[in-house]
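Notes to accompany the following structure.
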Ligand SMILES: Nc1ncnc2c1ncn2[C@@H]1O[C@H](COP(=O)(O)OP(=O)(O)OP(=O)(O)O)[C@@H](O)[C@H]1O
Ligand SMILES: [Mg+2]
């Protein structure tokens, strides 16, 4: 088979990571006639429940990685904290989509903000902070407009973990130990009117398709709801879309890319500021499963398999609500609710702050 030929149904797609994103990718892949082989470290891996095969091994188990690569036709990931050495090893054996560069950039907040800035995309003021002694200078730079600041670990942060808000000298003294004293960046806090994300898919042939922009609300640092349509003007949505395309093109990206943006102000003149990227399907795209012709999961698998991208057209309005921790106990009522579509992740144990499922509440499209 030519290296760029689309993978035929029956091919095996390897997914790195075994969480709910991998699970939903595996289900989309199955609908397209593919088989999925999950590679994940041992633990609670709900993706393995719906996969054809699984390898449970450490990210640095190169013998297991070698056997996995031999068993699959293309590889993708549902999790951006896979060691770059692991990704490089796999990419030398089978097509890895998205590629190593997207993964490496997204693993480090300094790299992703620098990339956005280099592309001329507005970002919050930021400064790297590699040691406690650098925090004072960074505060002067980032805080000169009088806004509070937020210290974030450069690596491994998710769901608002590894972050400390700094409004005072006392906060500043506590912030460095609070984030674990690891390399960080200090950012200005943006008094945003709303948060949105761009869900952009780029195919192996460079074709780009963008989903409608969702508006995202967070609770305790964790995504709570994504609402579509977002309360933004068409002009602003187009500007957001252009940012997503620009980044996907720069990275030579193949797959679904999420770009989180802050909106400052209202209307067409509102400012858009880059927050971060996720080189994978994203929680703020879970509504696409029930409100669009093709979901973010299918779109991602299509790109990975070298298929033409699908039509991301939205046929319904939707609010996606995450079920965090004990929220899942409401499943009987949610299962009975008209217009609601319930998605549960099959995780063995519910813990506070853990994403257990989501519900998509659908209404006829308003416009
Ligand atoms: N500079 C900022 N100004 C204002 N709010 C911010 C800023 N940075 C982060 N936040 C708030 O905290 C949330 C989480 O921050 P961020 O996306 O950087 O971290 P994360 O841990 O990677 O989150 P997630 O995994 O939910 O995407 C943001 O969505 C936003 O609500
Ligand atoms: Mg985020």
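The values are calculated or read from the model by the stated rules, or taken from the named source; none is laboratory data. Bear in mind that the values here come from a model prediction, so they are computed numbers and not experimental data. Ideal geometry is used to build each Cβ from the backbone, glycine not excepted, and the neighbour counts take in all protein chains shown.
Computed quantities for the displayed model
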item	result
Filter result (within 16 Å of ligand 2 (Cβ to nearest atom) and touching a residue at least 40 places away in the same chain (Cβ under 8 Å)) within region 201-218	214, 216, 218
Verdict on residue 149 being closer than 30 Å to residue 201 by Cβ and either in contact (Cβ under 8 Å) with a residue 12 or more places away in the chain or out of contact with any helix residue (DSSP H, G or I) (no Cβ under 9 Å at 6 or more places or on another chain) (or both)	no
Subset of region 32-62 [part of a loop (DSSP other than H, G, I, E, B) and in contact (Cβ under 8 Å) with a residue 40 or more places away in the chain]	32, 34, 44, 52
Any hit, region 128-146, residues being outside the structural domain of residue 205 (by TED's automatic domain parsing), assigned to a loop (DSSP other than H, G, I, E, B) and within 16 Å of ligand 2 (Cβ to nearest atom)	no
Single unsatisfied condition, residue 226 versus (1) within 16 Å of ligand 2 (Cβ to nearest atom); (2) within 29 Å of residue 83 (Cα to Cα)	(2)
Selection status of residue 29, in contact with a strand residue (DSSP E or B) (Cβ under 9 Å, 6 or more places away or on another chain) and part of a helix (DSSP H, G or I)	yes
Test: residue 304 is within 17 Å of residue 23 (Cα to Cα) and modelled with pLDDT of 95 or more	yes
Hits in region 172-185 - residues which are under 22 Å from residue 222 (Cα atoms) and either surrounded by 16 or more Cβ atoms within 10 Å (Cβ to Cβ) or within 16 Å of ligand 2 (Cβ to nearest atom) (or both)	175, 176, 179, 184, 185
Subset of region 158-174 [out of contact with any helix residue (DSSP H, G or I) (no Cβ under 7 Å at 6 or more places or on another chain) and outside any strand (DSSP E or B)]	158, 159, 160, 161, 162, 167, 168, 169, 170, 171, 173, 174
Residue 309 vs. criteria touching a strand residue (DSSP E or B) at 6+ places or on another chain (Cβ under 8 Å), more than 16 Å from ligand 1 (Cβ to nearest atom) and under 30 Å from residue 34 (Cα atoms)	yes
Hits in region 157-171 (condition: surrounded by fewer than 17 Cβ atoms within 10 Å (Cβ to Cβ) and either more than 17 Å from the chain's Cα centre (by Cα) or more than 13 Å from ligand 2 (Cβ to nearest atom) (or both))	165, 167, 168, 169, 170, 171
Region 230-242, subset closer than 18 Å to residue 274 by Cβ and not in a helix (DSSP H, G or I), residue farthest from ligand 1 (Cβ to nearest atom)	232
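Let's see how each residue does on (1) within 14 Å of ligand 1 (Cβ to nearest atom); (2) farther than 20 Å from residue 283 by Cβ; (3) surrounded by fewer than 16 Cβ atoms within 10 Å (Cβ to Cβ):
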| position | (1), (2), (3) |
| --- | --- |
| 149 | yes, yes, no |
| 154 | yes, yes, no |
| 199 | yes, no, no |
| 212 | no, no, no |
| 216 | yes, no, no |
| 228 | no, no, no |
